[in-house]
Amino acid sequence: MSPKPPGNPPGNPSCNPSRRRSGFAVDRRRFMSVGASSAAVSMLTRTAAAQNQSPDPRARLTLVLNVNGEDHHLALDVRTTLLDAMREHLSLTGTKKGCDHGQCGACTVLVEGRRVLSCLTLAAAAAGSKVATVEGLSQQDGDLHPMQQAFIDQDAFQCGYCTPGQIMSAIGCVHEGHAGSDAQIREYMSGNLCRCAAYPNIVAAVKQAAPLIKDI
């Protein structure tokens, strides 16, 4: 009796040609479906990334700074601080750059009447607000602001580098109602450093000017 020719073992679906073709069709459909889904997800991801892309920090920002009652139209790097905007772009160099880390108070200005460290404040954040610096204190007739005059009368400075910030901070201190006693003045002026150690004279100047200050 001659042996049977080799063939597919019975009951083995993987060796059935019709089953192989059917499985291939299913796998092909699954492959096409997964591929289309991946392409859609990739496209959506790129679109979302483009929409959420951060603006170029080197791009110029146009803004208006109101300093000492005058509007200034500027185009600045978005990272420009209020201090640098005033010194480098408006030539208002009365406000000093000391530590540039917000620790010495030499850069103090008033924004809407409140004391602000201009080295830590972005110019963009001050846009639309009224900024006051030491250059805007004296009157048009040449009379000094009471706090300026008090610093002279009390000899409240030596080298003078910290003086603009001390004066602006002292005005803010008075407006905040923190000039009622020597201890209170020392406490609320402690953020302004004087390397010449004229602190007793500064306290005396604030006490002298406080009753005369109504507005800047």
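The values are calculated or read from the model by the stated rules, or taken from the named source; none is laboratory data. Please read all numbers here as calculations on a predicted model, not as lab measurements. Note that each Cβ is placed from the backbone with ideal geometry, even for glycine, and that neighbours are counted across all protein chains shown.
Screening Ala197, Ala179 for residues that are out of contact with any Ser or Thr (no Cβ under 7 Å at 6 or more places or on another chain) and on the phi > 0 side of the Ramachandran plot leaves exactly one candidate, Ala197. For Lys207, the criteria (1) at pLDDT 95 or above; (2) in a loop (DSSP other than H, G, I, E, B) hold in every case but one, which is (2). For segment 156-204, the tally of residues that are among the polar types (S, T, N, Q), within 15 Å of Leu110 (Cβ to Cβ) and assigned to a loop (DSSP other than H, G, I, E, B) stands at 1.
Restricting attention to segment 86-122 and to residues that are in a loop (DSSP other than H, G, I, E, B) and among the acidic types (Asp, Glu), the residue that is nearest to Cys196 (Cα to Cα) turns out to be Asp100.
Out of Ala123, Ala127, Ala106, Ala132, one residue alone is buried (at least 17 other Cβ atoms within 10 Å of the Cβ), touching a Leu at 6+ places or on another chain (Cβ under 6 Å), within 28 Å of Pro211 (Cβ to Cβ) and not assigned by TED's automatic domain parsing to the domain that holds Glu176. It is Ala132.
Show the residue pairs that are 6+ apart or on different chains and have beta-carbon atoms under 8 Å apart, the first residue being within segment 52-69 and under 16 Å from Ala85 (Cα atoms) and modelled with pLDDT of 70 or more, the second being surrounded by 10 or more Cβ atoms within 10 Å (Cβ to Cβ) and polar (S, T, N, Q). These pairs meet every condition: Asn66/Ser129; Val67/Thr133; Asn68/Thr133. Screening Asp143 against (1) surrounded by fewer than 18 Cβ atoms within 10 Å (Cβ to Cβ); (2) in a helix (DSSP H, G or I) leaves a single unmet condition, (2).
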